[in-house]
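For reference, the structure discussed in these notes is given below.
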Amino acid sequence: MPKDNADEKGGIGAATTRREDFRFLTGAGQYTDDITLQGQTHAVFARSDVANGVIKSIDTSTAMGMPGVLAIFTGEDFVDVGGNPAGWLINSRDGEPMKEPKRPVLAHGKVRHVGDAYAAVIAETKQQAQDAVEAIEADIEELPAVIDMASAVAGGGLVHDEIETNVCFDWGWIEDNRAATDAAIKAAPHVTTLELVNNRLVPNAMEPRASIADYNAGTDEYTLYTTSQNPHLTRLLISAFVLGIPENKLRVVAPDVGGGFGSKIYHYGEEALVLAAAKKLKRPVKWTASRSEAFLTDAHGRDHVTKIELACEKDGTFIAFRTETMANVGAYLSNFSTATPTFLHGTLMAGNYTVPNVYVNVKAVFTNTAPVDAYRGAGRPEATYSIERVIDMCARELGIDPIELRRKNFVKPDQYPFASAAGLEYDSGNYDAQMDKLEALIDRDGFAARRAESEKNGKLRGLGVNAYIEACGIAPSNLVGILGSRVGLYDAATVRVNATGNLSVMVGAHSHGQGHETAFPQVVADMLGVDPASIDIVHGDTAKIPFGMGTYGSRSLAVCGSAVVRATEKIIAKAKKIAAHMLEAAEGDIELSDGQFSVAGTDKSVSFGEVALKAYIPHQFPIEDIEPGLEETAFYDPANFTYPSGAYACEVEVDPETGKVTVERFAAADDFGNIINPMIVTGQVHGGLGQGIGQALIEQTAYDESGQLLSASYMDYAMPRADDLPFYQVDHSDGTPCTHNPLGVKGCGEAGAIGSPPTVVNAVVDAIQSGGMDVTHVDMPLTPARVWNAMQG
Amino acid sequence: MYEFDLTRPTTIADAVAALNEEDAQALGGGQTLIPTMKQRLAMPSKLVSLGAIPEMKGVCMSDAGEVCIGGATPHAVVSAEATAFPGLADLAGQIGDPAVRNRGTIGGSLANNDPSACYPAAALAAGATIVTNSREIAADDFFEGMFETSLEEGEIITEVRFPVPEVSHYEKFLQPASRFALVGVMVAKFADGVRVAVTGASENGVFRWKEAEQALSANFSADAVSDLALSGDEMISDLHGSGEYRAHLVNVMTGRAVKAAS
């Protein structure tokens, strides 16, 4: 699909620099906290400093009398409004539906994690609100905290008394495969077993969450400015489930958003609070999270404890994967929290392989910790990590080269569409081709010499490889509906051609780092033959855009981009009618090329701009056949997920004296299908790799036994910095196009974070073993202390 | 942050006077104090900035050949100008990031005595003299445990005088998140012996590793310390490493510091 002259015209395939970066780099972006409304007040929350406790009483009388205080809310004020729901219904293996304790706007009766908000003060200034929060007298009786998942499952203390268990669900996938998988493992000549932890992560978007609510008493309309990846979804949750504000009375605006990584998909109680407060006070109410609040209350990611078994023949032919996982959901169910460890995880548990038997069991566990939900990759990194670690271990046990073991079991190019044993139908891919590319990128042949050089310097060098597949373009409403989703997952776009020929494209996807403002115009420009600079993307405002489901799951281009294509096709169809009228030709004879509509076989033509003008100044216009105007909307709901895949390799050095790991080389060969803007794709891969390497080596979220978050600031939570990361070799050329969306694209946003953790861990184990130490696994993050401990035996 | 008053005296005498007021607090570069105040964990009613006092700034040499650094001198200046004591300049250049190094001051760091800070290791290994508005304190008498020093209430570090060792080196093993020292070891070799100061490791703050000093004074080579072992018992044990691990790192970092200094 990339064209030879793509760069020149800025269409599909052009590595155009990101137009939005100008405003971001010059300080002209407008984030939620940059917005100040007339008469604005400030909300500050009183948050629990214990992980589990009974709220005996909350006395706000002193606080209410303090300077500037306008209102104080507690959980009591919201007992009659709805809970913030989970978006997917998961049924347990015994057929019982999952347990869904109410998630209130403010804690009521009990607080359930450190940071759980039980009251909010609205005051004239933030300072006054902070002072008043400190004057609230809350009598909270601390209870023993439920932190460790195994203990939580075993019983004892409860996070939610009313459901009488800490297990949200006990899910099996695919239940019909269970007996066959058990039997296959029992009879297998070789079984490799690995127990591992997929470490909990704090999302750490650069911009903390923030919300401003404005209420117009004259029209009874609300506007919520908020840090959201999906303003329509947020509106739907607030309207249909929580506050009951009619959708047509609630406008949700997500302006520039400084990173989300999943954490800003969800509706949070703070959004409902500022809305309720704005109505009560008839004044705008603003809240901006501190970094401490972000650590304590943003939905965290990962946090799985898994046992995986890989059964195979002596020659390495895979027979079965079987896993048992405990997935932490924290204190409350966040919106995607039940989908992430199940259908975004279990369905990927066949990996890139022809393994015939897969059975996955996941117990979701409530604990007195922050809610856990989708974080860049969401379930798929957990699946990939488990599979690719156990394959590596298996290769070592069998004495088979880890790349060869993977190749032996790869789905081959002639097997598509391929029905995986975990229930998905992969549409396209070529895993061997990626592995070929990878071996060249990482210079595998040169590894032995580099290892010898490292050893000369007293370091241990290891090579790790990985193959991953993900299900992206999170959609097919029909499919996700069968899987338990309570919403549809299509997307929508409106293409508006203005009278003077420039275009506004209103999209349901939201850009918070993905480069939509640059990439989407490339698609439209390519189709219409016009200058991409004449096309602007409008996103993030429910008052301006069609109903779309937003950005997550590497879905924007595959789903919303496809809606843009469909809407643009409608534009072309109508424009051809107008052109035919203008050229006095038959509609079927009109051809569009390079922005000119011409009559086939003649030199008669009109430009795109002339057609646009005609549409809006319809003098001598056949209004009985053609409506004036040139604006079209399309909703797009694909036939399947997309299946990006790739092969990664890295080389690490381990300092045997300190346990310090440095990533020396990293190569990524990805198949994202067709590429619209290769520069943006490379950037997305780099970002994902940074987060994945961060997870593998340094990011550590730790709660103590009483439920205090030990890593609650950057003093203790290590974010990857530039000097923690190597230069990457990234190649995403020559992908296999997605077969079912019009762009042939698969999505690239999460790949780096999915493929890199096992790559790094495999490399570290390889390095340690090269030093003669019998270490088969180290749990992430591979901090110096952990690696050193492992090496001590 | 709570409300507070700020004053910026231009002489040491004025600063001392200002600090006599109740709840007044000296402000160096603010790299610890300001974040603490932002989290409402400290509520001084008055901050006395020491950043506008010319006589407390800069690096110079004393007649006795000491490197003298004004108490309000930022790390970046020490890094650039303390060239007579390369081990010290190198240490200063490893503190925090450029923003921290341009704001944070040597006096602030020593007065705070964070158990993972770098400067205490330099002062103790070099046998520095901490000069205050009222007296001179030997480094050996200055550090009194985590965040504890022999400074009196309202006493200001005006200058730090560092004897210059023959050779020295600071070897720092980074805590991955804060990039403070998980363990940092400063080795300084003088004509009359070797001093080894360790930061980041001990529950009692910066300390001299006397056993290593003796071994290195007899034989200044990494081999001299390779067989020494520290106990992990009184070492810090946290998210980033056990006491045992830190004790091990002290040994490794000492050996590396000696190798780099030799």
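The values are calculated or read from the model by the stated rules, or taken from the named source; none is laboratory data. Quick caveat, the model's predicted, so the values are computed rather than measured. Using ideal geometry, Cβ is built from the backbone for each residue, glycine included, and neighbour counts are taken over all protein chains shown. Side chains are part of the model used for accessible areas, which takes the heavy atoms of the whole protein and leaves out ligands, DNA and RNA. Shrake-Rupley method; radii C 1.70, N 1.55, O 1.52, S 1.80 Å.
Data overview
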| quantity | calculated |
| --- | --- |
| Pairs, first without any contact (Cβ under 8 Å) to a residue 60 or more places away in the chain and hydrophobic (A, V, I, L, M, F, W, C) in segment A:11-22, second part of a loop (DSSP other than H, G, I, E, B) and surrounded by fewer than 21 Cβ atoms within 10 Å (Cβ to Cβ), C-beta under 8 Å, six or more apart | A:22/A:28 |
| Given (1) farther than 30 Å from residue A:482 by Cβ; (2) open to solvent by less than 40 Å² (accessible area, probe 1.4 Å); (3) modelled with pLDDT of 95 or more, number of the condition residue A:90 does not satisfy | (1) |
| Any strands (runs of 3 or more DSSP E) falling wholly within segment A:484-557 and containing at least 3 residues that are of a type in the set (Val, Ile, Thr) and closer than 20 Å to residue A:473 by Cβ | none |
| Residue identified as within 14 Å of chain A (Cβ to nearest Cβ), among the hydroxyl-bearing types (Ser, Thr, Tyr) and either open to solvent by 20 Å² or more (accessible area, probe 1.4 Å) or over 19 Å from residue B:179 (Cα atoms) (or both) among B:237, B:262, B:231 | B:237 |
| Long-range neighbours under 6 Å by Cβ, at least six apart or interchain, first residue among the aromatic types (Phe, Trp, Tyr) within segment A:425-443, second open to solvent by 10 Å² or more (accessible area, probe 1.4 Å) | A:426/A:418 |
| Residue within segment A:283-301 that is in contact with a strand residue (DSSP E or B) (Cβ under 8 Å, 6 or more places away or on another chain), more than 30 Å from residue A:216 (Cα to Cα) and open to solvent by 10 Å² or more (accessible area, probe 1.4 Å) present | yes |
| Meets criteria (within 22 Å of residue A:552 (Cβ to Cβ) and either more than 21 Å from the chain's Cα centre (by Cα) or among the aliphatic types (A, V, I, L, M) (or both)) for residue A:327 | yes |
| One residue from A:470, A:439, A:453 being out of contact with any strand residue (DSSP E or B) (no Cβ under 7 Å at 6 or more places or on another chain), under 15 Å from residue A:669 (Cβ atoms) and open to solvent by 10 Å² or more (accessible area, probe 1.4 Å) | A:439 |
| Given (1) within 22 Å of residue A:551 (Cα to Cα); (2) touching a residue at least 40 places away in the same chain (Cβ under 8 Å), number of the condition residue A:354 does not satisfy | (1) |
| Condition check for residue B:138: open to solvent by less than 40 Å² (accessible area, probe 1.4 Å) and either within 30 Å of residue B:24 (Cα to Cα) or within 14 Å of chain A (Cβ to nearest Cβ) (or both) | no |
| Positions within segment A:135-149 being under 16 Å from residue A:74 (Cβ atoms) and loosely packed, with under 15 Cβ neighbours inside 10 Å, in sequence order | A:137, A:139 |
| Only listed residue being in contact (Cβ under 8 Å) with a residue 24 or more places away in the chain and crowded, with 18+ Cβ neighbours inside 10 Å, chosen from A:561, A:595 | A:561 |
| Residue A:100 touching a Leu at 6+ places or on another chain (Cβ under 9 Å), without any contact (Cβ under 8 Å) to a residue 40 or more places away in the chain and surrounded by fewer than 19 Cβ atoms within 10 Å (Cβ to Cβ) | no |
| Selection status of residue A:776, open to solvent by 40 Å² or more (accessible area, probe 1.4 Å) and either modelled with pLDDT under 95 or assigned to a loop (DSSP other than H, G, I, E, B) (or both) | yes |
| Filtered residue count, segment A:706-739, keeping only those that are within 14 Å of another protein chain (Cβ to nearest Cβ) and more than 25 Å from residue B:32 (Cα to Cα) | 1 |
| Any hit, segment B:96-105, residues being free of Cβ contacts under 8 Å to residues at least 60 places away in the same chain and open to solvent by less than 40 Å² (accessible area, probe 1.4 Å) | no |
| Any hit, segment A:507-520, residues being over 30 Å from residue A:411 (Cα atoms), free of Cβ contacts under 8 Å to residues at least 40 places away in the same chain, open to solvent by 40 Å² or more (accessible area, probe 1.4 Å) and under 25 Å from the mean Cα position of the chain (by Cα) | no |
| Any hit, segment A:757-774, residues being within 28 Å of residue A:417 (Cβ to Cβ), within 21 Å of the chain's Cα centre (by Cα) and either within 14 Å of chain B (Cβ to nearest Cβ) or of a type in the set (Ser, Thr, Tyr) (or both) | yes |
| Those strands (runs of 3 or more DSSP E) lying entirely in segment A:164-277 with at least 3 residues polar (S, T, N, Q) | A:190-198 |
| Condition broken by residue B:116, with the remaining ones in (1) farther than 23 Å from residue B:16 by Cβ; (2) in contact with a Lys or Arg (Cβ under 9 Å, 6 or more places away or on another chain) satisfied | (2) |
| Test result for residue A:571, farther than 30 Å from residue A:341 by Cα, open to solvent by less than 40 Å² (accessible area, probe 1.4 Å) and in contact with a His (Cβ under 8 Å, 6 or more places away or on another chain) | no |
| Residue count for segment A:37-66, restricted to those that are out of contact with any strand residue (DSSP E or B) (no Cβ under 8 Å at 6 or more places or on another chain) and either open to solvent by 80 Å² or more (accessible area, probe 1.4 Å) or in a strand (DSSP E or B) (or both) | 2 |
| Restricting segment B:19-68 to residues that are free of Cβ contacts under 8 Å to residues at least 60 places away in the same chain, among the polar types (S, T, N, Q) and not in a helix (DSSP H, G or I), the residue that is farthest from the other protein chains (Cβ to nearest Cβ) | B:49 |
| Scope segment B:26-50; condition closer than 14 Å to residue B:108 by Cα and crowded, with 18+ Cβ neighbours inside 10 Å; matching residues | B:26, B:27, B:28, B:29, B:31, B:32, B:33, B:47, B:48, B:49, B:50 |
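Yes/no matrix, rows are residues, columns are (1) open to solvent by 30 Å² or more (accessible area, probe 1.4 Å); (2) more than 23 Å from residue A:783 (Cβ to Cβ); (3) over 19 Å from the mean Cα position of the chain (by Cα):
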residue	(1), (2), (3)
B:186	no, yes, no
B:189	yes, yes, no
B:193	no, yes, yes
B:215	no, yes, yes
B:222	no, yes, yes
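Here is a yes/no grid of residues against (1) in the same structural domain as residue A:568 (by TED's automatic domain parsing); (2) touching a Phe, Trp or Tyr at 6+ places or on another chain (Cβ under 9 Å); (3) modelled with pLDDT under 95; (4) open to solvent by less than 20 Å² (accessible area, probe 1.4 Å):
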position	(1), (2), (3), (4)
A:628	yes, yes, no, no
A:658	no, yes, no, yes
A:671	no, yes, no, yes
A:713	no, yes, no, no
